[in-house]
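All of the numbers you see were taken from the coordinates with simple rules; none came from a lab. Bear in mind the structure is a predicted one, so any value in this text is a computation, not a measurement. Don't worry about glycine lacking a Cβ; one is built from the backbone with ideal geometry, like all the others, and counts go over all protein chains shown.
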Amino acid sequence: MKSSLIILTRNEIEGVKALFNKIPFDKFDEFFDIDYCSTDGTKKFLEEKRIRVIPQIKKGRGEAFRQAAEVASGNILVFFSPDGNENPLDTIKLKEAVEQGYDMAIASRFLPGATYEESDFFIPYRNLANRVFAFLANLFFRGNLSDPINGFRAVKKDKFKEFKVDASGFAVEYQMSIRAMKLGQKIKEIPTQERKRIGGKSKCKSIPVGSDLLKILLKEILIGKNF
């Protein structure tokens, strides 16, 4: 199957510069960047490296996912954010999991052998919240995922389109995971080592994102398979 590596950026010049040479472009059939209004040189840097940069039309991570799925020619979509948190080499593992027959593969920060960014925090608030949302998704939709929220993932393009996701922000990955459970799709998780962010500020704000996740959870409980 043909594979597409999709880089997602918004003002990530420091991370892009630090990680560019570690990204295994040669393992994918195509690669491109979806960029939302970067003003820090991210777009220029990637274009100088001969990476196709596609301006994101609407704001929101969900919009980036949907736009990428329309643009990509590959059957396998691998989403990667070059902010330092995600290990570029895990893009290969995610792709290979889908090639082996899984509909979606997720890099989990909570499987044995994995680590998460707040692992050295006395009270890792964000990750505790992630575990709660994972528990609730598994409870209501009969799943067995340790990290349904993580956006570092790969999915078959036709399966992604079956999700009909309409979340606009960071809740899109949670919605994808829930709808995959509803549809009985085969999901594989691989352990990943989440690292510290490289420069810049995280666009994922805990309270607004938590609110969006809760809204998505309640919505998906109410609508069942009617999407």
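Comparing Cα centroids, the range 66-82 and the range 1-48 end up 12 angstrom apart.
Largest GNM mean-square fluctuation across Asn11, Asn21, Asn138, computed for the chain with C-alpha springs under 10 Å, falls on Asn21. Measuring max minus min along each principal axis, the C-alpha atoms of the chain give extents of 47, 42, 34 Å (largest first).
Here the residues Arg52, Arg179, ranked from fewest to most Cβ neighbours within 10 Å of their Cβ, fall in the order Arg52, Arg179.
Database remark: amide H of Ser38 closer than 5 angstrom to the amide H of Asn11 (H placed geometrically; neighbours at sequence offset of 5 or more, or on other chains; Pro and chain starts carry no H). Which angle between 0 and 90 degrees, to the nearest 10, do you get for helix 125-141 versus the longest principal axis of the chain when only C-alpha atoms count? Result, in degrees: 50.
Averaged over residues, the count of other Cβ atoms within 10 Å places the peptides 219-227, 2-10, 184-192 in the sequence 2-10, 184-192, 219-227, highest first. Excluding residues on the same chain fewer than 8 positions from Lys43, give the aspartates and glutamates whose Cα lies under 13 Å from its Cα. Once the sequence-local aspartates and glutamates are set aside, what remains near Lys43 is Glu12, Glu14, Asp33, Asp35.
Remark: the range 154-167, residue by residue, has Karplus-estimated 3J(HN,Hα) of 10, 8, 5, 4, 5, 5, 4, 5, 5, 5, 6, 5, 10, 5 Hz, where x stands for each Gly or Pro and the curve is 6.51 cos²θ - 1.76 cosθ + 1.60 at θ = phi - 60°.
Highest mean packing first, where packing is the average number of other Cβ atoms within 10 Å per residue, the peptides 158-170, 77-89 line up as 77-89, 158-170.
To check you understand DSSP bridge types, tell me what percent of the beta bridges within the range 3-223 (both residues inside) are antiparallel, rounded to 5.
Values: 7 of 27 bridges.
If we restrict to bridges inside the range 3-223, about 25 percent are antiparallel.
Only DSSP H runs of four or more residues enter the estimate; each adds -39500 (n - 2.57), and after division by the residues of the chain the mean residue ellipticity at 222 nm equals -11500 deg cm²/dmol. A simple spin-label model places pseudo-atoms 7 Å from Cα toward Cβ; at Leu214 and Val132 they are separated by 0.8 nm.
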